[in-house]
Amino acid sequence: MVTMLDGPRLLPQNGAAPEALVVMLHGFGADGDDLIGLAPSFQDILPKAAIVAPHAPDPVPGYPQGRQWFDLKTLSSDEIALGARLAAPNVQAFLEAEGRKYNLPLSKMVLLGFSQGCMMALHVGLRLPQPVAGIIGLSGLLPDPKALKTEIKTHPPVFLAHGLVDDVVPADMTLLSATVLADAGCCPQYRLVPNLPHGIDPETATFAARFAADALSGRCAGQVPPEPVRNPVSS
């Protein structure tokens with residue numbers, strides 16, 4: 001059964017109907033109120049976009065305000081693959097509902113995820129019937145990499161970023177994800193951040209917002225080889 005999601009949202013600053021939508025999927029044990037804190041970085045660059053950060057459907061035992069997209073006890077590939085598949089209909093239904101709400105197609109949406117939300121963004125975003133404008137995956141990994149090549153339906157631009165001292169999800173997971181995505185035809189850009197633990201630094205948030213703007217404008221349509229880059233998006 002699909003759970004209808006909602007969470008904090010910000011509309012365009014000029015009060016007009018949004019011309020684009022950035023959907024932010026939070027990490028394990030957090031909620032949408034946590035990730036919506038990235039919104040100012042995006043509003044400065046995308047003033048005509050709406051930004052929404054839905055709360056994941058399931059509570060996390062022991063976390064008073066914590067939510068989860070799926071139960072996560074380990075980082076085993078089988079557990080993540082199954083969990084992402086079970087949670088995917090909730091995220092897809094949310095995207096469809098937001099599209100109806102704002103009269104926006106998937107091509108005017110950017111899907112961003114942090115940690116477990118990154119897992120969901122990558123899993124769902126590459127299997128939608130039409131491509132989203134772009135996918136931003138922060139401090140996460142690609143679920144079920146063995147299945148991607150046969151299941152991928154679209155090839156939107158992808159930007160990945162990861163802290164090199166992340167002790168929750170190792171940065172090697174982003175390198176592996178980039179390799180698998182490239183093999184499936186996506187050729188993502190990625191950024192590795194020295195001395196950053198499991199989190200999002202301000203510079204990466206700005207890069208992500210610029211990537212979103214480029215993706216929505218079509219400037220990311222040309223794929224680039226997956227390699228560490230200092231500035232993977234245009235100014």
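The values are calculated or read from the model by the stated rules, or taken from the named source; none is laboratory data. This is a predicted model, so every value here is computed, not measured. Cβ: placed from backbone, ideal geometry, glycine included. Neighbour counts: every protein chain shown.
The table below gives the values:
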| quantity | calculated |
| --- | --- |
| Matching residues in region 6-42 - criterion: being buried (at least 19 other Cβ atoms within 10 Å of the Cβ), farther than 19 Å from Ala87 by Cα and not aliphatic (A, V, I, L, M) | Arg9, Pro18, Asp34, Ser41, Phe42 |
| Criterion: within 18 Å of Ser139 (Cα to Cα), more than 12 Å from the chain's Cα centre (by Cα) and assigned to a helix (DSSP H, G or I) - qualifying residue of Ala93, Ala84 | Ala84 |
| Pair list, Cβ under 8 Å, 6 or more apart: region 192-211 residue farther than 18 Å from Leu46 by Cβ and touching a residue at least 40 places away in the same chain (Cβ under 8 Å), other residue part of a loop (DSSP other than H, G, I, E, B) and β-branched (Val, Ile, Thr) | His198/Val168; His198/Val169 |
| Number of positions in region 135-146 that are touching a Lys or Arg at 6+ places or on another chain (Cβ under 9 Å) and closer than 15 Å to Asp183 by Cβ | 1 |
| Any hit, region 87-96, residues being among the aliphatic types (A, V, I, L, M), in contact with a Gly (Cβ under 6 Å, 6 or more places away or on another chain) and surrounded by 15 or more Cβ atoms within 10 Å (Cβ to Cβ) | no |
| Test: residue in region 45-67 that is in contact with a Phe, Trp or Tyr (Cβ under 9 Å, 6 or more places away or on another chain), closer than 21 Å to Val110 by Cα, surrounded by fewer than 21 Cβ atoms within 10 Å (Cβ to Cβ) and of a type in the set (Gly, Ala, Ser) | no |
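Each row is one residue, and each column tells you yes or no for (1) of a type in the set (D, E, K, R); (2) touching a Pro at 6+ places or on another chain (Cβ under 9 Å); (3) more than 19 Å from Leu35 (Cβ to Cβ); (4) free of Cβ contacts under 8 Å to residues at least 12 places away in the same chain.
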position: Arg85; (1), (2), (3), (4): yes, yes, yes, no
position: Asn90; (1), (2), (3), (4): no, yes, no, no
position: Glu96; (1), (2), (3), (4): yes, no, yes, yes
position: His123; (1), (2), (3), (4): no, yes, no, no
position: Leu126; (1), (2), (3), (4): no, yes, yes, no
position: Asp144; (1), (2), (3), (4): yes, no, yes, no
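For (1) charged (D, E, K, R); (2) more than 13 Å from Phe159 (Cα to Cα); (3) touching a Lys or Arg at 6+ places or on another chain (Cβ under 9 Å); (4) modelled with pLDDT under 95, each residue gets a yes or a no:
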position	(1), (2), (3), (4)
Cys186	no, no, no, yes
Pro194	no, yes, no, no
Pro197	no, yes, no, no
Ile200	no, yes, no, no
Val224	no, no, no, yes
Glu227	yes, no, no, yes
Asn231	no, no, yes, yes
